[in-house]
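Engineer: Sharing a structure with you now.
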Amino acid sequence: MDVGELLNYQPDRGAKRLRAGDDDDDDPRSKKTGRELARHLEGDDSEDPSGERKRILEKLMDDDEDADDQEGEPVDESSVKKMILTFEKRSYKNQELRIKFPDTPGRFMETELDLNDIIQEMHVIATMPDLYHLLVELNAVHSLLGLLSHENTDIAIAVVDLLQELTDIDTLHESEEGAEVLIDSLLEGQVVALLVQNMERLDEQVKEEADGVYNTLAIIENMAEFRPGLCTEAAQQGLMQWLLKRIKAKIPFDANKLYCSEILAILLQNNDSTRELLGELDGIDVLLQQLSVFKRHNPATAEEQEMMENLFDALCSCLMLAANRDRFLRGEGLQLMNLMLREKKMSRTSALRVLDHGMIGPEGSDNCHKFVDILGLRTIFPLFMKTPKKMRKAGAADKEHEEHVCSIIASCLRNLKAQQRTRLLSKFTENDCEKVDRLMELHFKYLEAVQVADKRIEGEKHDMVKRGEILDDVMEDEFYLRRLDAGLFVLQLLCYIMVEISNSGISQLQQRVHQILNLRGGSVKVVRHIMREYAENIGDGKSEEFKESEQKRIMDLLENF
């Protein structure tokens, strides 16, 4: 064994979370510090005070024996306290020698190796989350966060690995109390800002540093899952900006880009603050640019398809905020989604979902008018007339497809004025009102499905009453979800379209609707009942003023139906 091999040798440091494609026996942490030392020694051959090289080589060879001795020690409060004390001493010693001999690596190399060793040993604390409070009480969390900015990135990455294991979501749920204490301390120390600063200096061309970025994102995901409320704070501490920068970086697709898209989608879920921040950082343009790749090409792998879906999810979340609808319009998002619908690639299903989010409600009025101007009606109505087989193969259920298409048409009927509204209504009169026929076909399809579900639910309610069980709010919500699953919302949209076109002033449309209702044993009374239920639930999350005006508008339409 030559000197180079000795310097690169490190004992097994224990398990770590692996990325896809990593092998258990290829732990990137296991050789890092030795390699760092080798770099220092090669660059500083003339300075070897008092046999420093020899001592380091002996230290490296003795590590296995030390690790074997420690494996037999029980993990308890006393041993954890001892471990933390050793960590603090080694951290202080390393810092002291680095300050004292900044230009003489040989002087502080051994302390760096010792520091790395104790950080690896501290992984055992992750098996005892009820002892996490000791990390906080003995100030170890503060010290670990300080090491995220250590001059040697290998030390910073070792700390990232440790934090990733400590915050593993399964481990956190083993001891809620210990987890709360740890997460509180990490957030107090602005862990996300420090993690982002560390990621900014890492070179992802180096596998070990790319792994460090991946594990950093895992820490953020773990904390966000355990405490969703921290997403706003995390985004504001530079994470949102870093994610957007990393997603648009012109480097080949990899696991880290996929993970970034996943974290971005998590940050934007049910959070108007992060949605607004993304809009202010020109994030809508970034998302549209990244998604434009898929308008004429399908994702090359399942992982790339997952990233595409994550970006679509992020875009849909952003469009829940009115200000981002304007940015989407200015960024020509409508044109991109319309092209995707026409190109018939894998992105088509999600593009339909984005259009639905961008056009719904009064905030979508400008997008609805622009959609007609770019000839979007020519794209959407063929999808209304028939669910494409390719969409089914891509995994989108008929109901999901028909819901989005009907919602887009309903939004257009709700928002369009003047010439654009006339162009929309004229579509229903084409080819002997074939689109009205399709509308009524879908109406009876979903009416039957919902009636079957209602019958089952009524039977279950009757049985519960007979058994003396109380029908609480939880059960009522469950029953309502089952009705939605049967297609209640699609049925409501179809009835809304039916009522709107019947009130359009085009007698041909109103006559055709009522003719088909009568022929198939339908009832105006049933349509009115469905629309009243729809009106009761409309405007959730909006102002009371909007809710009341919209309900009044729908009831006025029903009177003339």
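The values are calculated or read from the model by the stated rules, or taken from the named source; none is laboratory data. Note that the structure is a prediction, hence the values are computed from the model and not measured. Cβ placement follows ideal geometry from the backbone for every residue including glycine, while neighbour counts extend to all protein chains displayed. Only protein heavy atoms, including side chains, enter the accessible area calculation; ligands, DNA and RNA are left aside. Shrake-Rupley method; radii C 1.70, N 1.55, O 1.52, S 1.80 Å.
A quick yes/no check of all residues on (1) open to solvent by less than 50 Å² (accessible area, probe 1.4 Å); (2) in contact (Cβ under 8 Å) with a residue 12 or more places away in the chain; (3) more than 28 Å from ILE457 (Cβ to Cβ); (4) polar (S, T, N, Q):
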position: GLU469; (1), (2), (3), (4): no, no, no, no
position: MET498; (1), (2), (3), (4): yes, yes, no, no
position: HIS529; (1), (2), (3), (4): no, no, no, no
position: LYS552; (1), (2), (3), (4): no, no, yes, no
position: LEU558; (1), (2), (3), (4): yes, yes, no, no
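Engineer: Could you grab the pairs with beta carbons closer than 9 Å, sequence gap of 6+ or different chains, first residue in the stretch 72-87 and at pLDDT below 85, second one open to solvent by 80 Å² or more (accessible area, probe 1.4 Å) and of a type outside the set (D, E, K, R)?
Structural biologist: Every condition considered, the pairs that remain are VAL75/THR127.
Engineer: Shifting gears a bit: For the stretch 249-318, which fully contained helices (runs of 4 or more DSSP H) count at least 2 residues that are among the hydroxyl-bearing types (Ser, Thr, Tyr), within 24 Å of MET223 (Cβ to Cβ) and touching a residue at least 40 places away in the same chain (Cβ under 8 Å)?
Structural biologist: Because the criterion is at least 2 residues that are among the hydroxyl-bearing types (Ser, Thr, Tyr), within 24 Å of MET223 (Cβ to Cβ) and touching a residue at least 40 places away in the same chain (Cβ under 8 Å), the helices (runs of 4 or more DSSP H) in the stretch 249-318 that meet it are 255-268, 272-280.
Engineer: Continuing with this model, one more query. Taking the condition part of a helix (DSSP H, G or I) and closer than 30 Å to LYS370 by Cβ, does LEU447 pass?
Structural biologist: It is false that LEU447 is part of a helix (DSSP H, G or I) and closer than 30 Å to LYS370 by Cβ.
Engineer: Also, quick follow-up: Pick from the stretch 202-246 the residues that are surrounded by fewer than 21 Cβ atoms within 10 Å (Cβ to Cβ) and β-branched (Val, Ile, Thr): which of them is nearest to ASP161 (Cα to Cα)?
Structural biologist: Looking at the filtered set, the residue picked out is VAL206.
Engineer: What single numbered condition from (1) on the phi > 0 side of the Ramachandran plot; (2) of a type in the set (A, V, I, L, M); (3) surrounded by 17 or more Cβ atoms within 10 Å (Cβ to Cβ) fails to hold for LEU375?
Structural biologist: It fails just one condition, (3).
Engineer: So, one more: Condition first: among the small types (Gly, Ala, Ser) and open to solvent by less than 50 Å² (accessible area, probe 1.4 Å). Now tell me which residues in the stretch 75-130 satisfy that.
Structural biologist: SER79, SER91, GLY106, ALA126
Engineer: If we scan the stretch 343-365, do we find a residue that is under 21 Å from GLN305 (Cα atoms), open to solvent by 10 Å² or more (accessible area, probe 1.4 Å), of a type in the set (Val, Ile, Thr) and not in a loop (DSSP other than H, G, I, E, B)?
Structural biologist: Checking the stretch 343-365: at least one residue is under 21 Å from GLN305 (Cα atoms), open to solvent by 10 Å² or more (accessible area, probe 1.4 Å), of a type in the set (Val, Ile, Thr) and not in a loop (DSSP other than H, G, I, E, B).
Engineer: While we're looking at this one, here's another question. Hey, among ASP432, ASP472, which residue is over 20 Å from ARG520 (Cβ atoms), at pLDDT below 95 and acidic (Asp, Glu)?
Structural biologist: Criteria check complete, one pass: ASP472.
Engineer: List the number of the failed condition for ASN503; all other conditions in (1) free of Cβ contacts under 8 Å to residues at least 60 places away in the same chain; (2) open to solvent by 70 Å² or more (accessible area, probe 1.4 Å) hold.
Structural biologist: Failed condition: (2).
Engineer: If we scan the stretch 437-454, do we find a residue that is open to solvent by less than 20 Å² (accessible area, probe 1.4 Å), in contact with a Ser or Thr (Cβ under 8 Å, 6 or more places away or on another chain), of a type outside the set (Asp, Glu) and closer than 15 Å to ILE409 by Cα? Don't jump to the end; show me each part of the working.
Structural biologist: Filtering the stretch 437-454 down to residues open to solvent by less than 20 Å² (accessible area, probe 1.4 Å) leaves 439-440, 442-443, 446, 450, 453.
Cutting the leftovers down to in contact with a Ser or Thr (Cβ under 8 Å, 6 or more places away or on another chain) gives us none.
No: the stretch 437-454 contains no residue that is open to solvent by less than 20 Å² (accessible area, probe 1.4 Å), in contact with a Ser or Thr (Cβ under 8 Å, 6 or more places away or on another chain), of a type outside the set (Asp, Glu) and closer than 15 Å to ILE409 by Cα.
Engineer: (1) crowded, with 17+ Cβ neighbours inside 10 Å; (2) free of Cβ contacts under 8 Å to residues at least 60 places away in the same chain; (3) not in a helix (DSSP H, G or I): which one isn't true of GLY521, the others all being true?
Structural biologist: Of (1) crowded, with 17+ Cβ neighbours inside 10 Å; (2) free of Cβ contacts under 8 Å to residues at least 60 places away in the same chain; (3) not in a helix (DSSP H, G or I), only one is false for GLY521: (1).
Engineer: ASN324 - would you say it is assigned to a helix (DSSP H, G or I), open to solvent by less than 20 Å² (accessible area, probe 1.4 Å), more than 26 Å from ASP373 (Cα to Cα) and polar (S, T, N, Q)?
Structural biologist: No, not satisfied.
Engineer: If you take the residues of the stretch 77-98 that are touching a Ser or Thr at 6+ places or on another chain (Cβ under 6 Å) and polar (S, T, N, Q), which of them is farthest from VAL141 (Cα to Cα)?
Structural biologist: Here the answer is ASN94.
Engineer: Hey, among the residues in the stretch 156-189 that are hydroxyl-bearing (Ser, Thr, Tyr) and open to solvent by 10 Å² or more (accessible area, probe 1.4 Å), which one's nearest to LEU115 (Cα to Cα)?
Structural biologist: Restricting to residues being hydroxyl-bearing (Ser, Thr, Tyr) and open to solvent by 10 Å² or more (accessible area, probe 1.4 Å), the top hit is SER185.
Engineer: How many residues does the stretch 288-324 contain that are under 18 Å from GLU262 (Cβ atoms), touching a helix residue (DSSP H, G or I) at 6+ places or on another chain (Cβ under 8 Å) and not polar (S, T, N, Q)?
Structural biologist: Number of matching residues: 16.
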